[in-house]
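Single-structure report; data block below.
The values are calculated or read from the model by the stated rules, or taken from the named source; none is laboratory data. Worth saying up front: this structure is predicted, and the values here are computed from it rather than measured. A quick note on method: Cβ atoms are made from the backbone with ideal geometry, for glycine too, and the neighbour counts reach across all protein chains shown. Areas reflect the complete protein model, heavy atoms only, side chains present, ligands, DNA and RNA absent. Shrake-Rupley method; radii C 1.70, N 1.55, O 1.52, S 1.80 Å.
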Amino acid sequence: MSFQKDSELDSIYQNVFEFIEKEKLLAGVSNLLLAVSGGPDSLAMLEILKHLSQDFDFTISVAHFDHKLRDDSADDLIFVKDLCVRSDIKFISGEGDVREAMKASGGGVEEIARRLRYDFLAFAAERHSAEAVATGHTFEDQAETVLQRVLRGSGIRGIQGILPESSLPSAPSIRLIRPLLEIGHA
């Protein structure tokens, strides 16, 4: 049984490694900031990139942003911070009150949460001298994005889905990469 698990894990590492190489996601990256929420996708990304950091010769640091949308959201912060301390990984956290920002600007929850998160990630990347920020978007996120855009009536460009790499919205000089985009939750 453990052999099968090891072989499945090796397959995941190999798939992510090949995707990173194919898309050249880590070209020129020596410091990579990982956006880790504490959910399964971002935690998987942390473990995978921690493992692959030797192959691609980069150091990692972790950024966690608390949107203050759940009463227990501080638990995620504590969990991610403790994980980083145990693994000797640089950690930075930030917080923003999405509901208050919504009152001030009139935007929707997802829009405001994304803006606050990307503003924080830009700050954290600059603070840690990271050339890129990685998020844990997966194949399921890709499918969901395409479906949402089709339902909204997006044109051809709009339905292309999530790109493996783009610019960080709040800091265009910093790359935003999605190394798990071809990996599913299973």
Only residues in segment 100-127 that are among the basic types (Lys, Arg) count as the first member; pair them with residues that are modelled with pLDDT of 90 or more and open to solvent by less than 70 Å² (accessible area, probe 1.4 Å), Cβ under 7 angstrom, at least 6 apart or cross-chain, and list the lot.
117/65; 127/92
Selection from segment 50-64 of residues that are within 11 Å of the chain's Cα centre (by Cα) and not β-branched (Val, Ile, Thr)
63, 64
Whichever residue in segment 129-153 is more than 18 Å from residue 169 (Cβ to Cβ) and at pLDDT 60 or above and, among such residues, is most open to solvent (accessible area, probe 1.4 Å):
139
Just wondering, is there one or more residues in segment 22-30 that are in contact (Cβ under 8 Å) with a residue 40 or more places away in the chain, under 11 Å from the mean Cα position of the chain (by Cα) and surrounded by fewer than 14 Cβ atoms within 10 Å (Cβ to Cβ)?
no
Being open to solvent by 60 Å² or more (accessible area, probe 1.4 Å), modelled with pLDDT under 95 and not acidic (Asp, Glu) is the filter here; which residues of segment 70-106 pass it?
70, 99, 103, 104, 105, 106
It is to be established whether one or more residues within segment 43-60 are in contact with a Lys or Arg (Cβ under 8 Å, 6 or more places away or on another chain), part of a helix (DSSP H, G or I) and surrounded by 13 or more Cβ atoms within 10 Å (Cβ to Cβ).
no
Is it true that some residue in segment 33-40 is part of a helix (DSSP H, G or I), in contact (Cβ under 8 Å) with a residue 24 or more places away in the chain and on the phi < 0 side of the Ramachandran plot?
yes
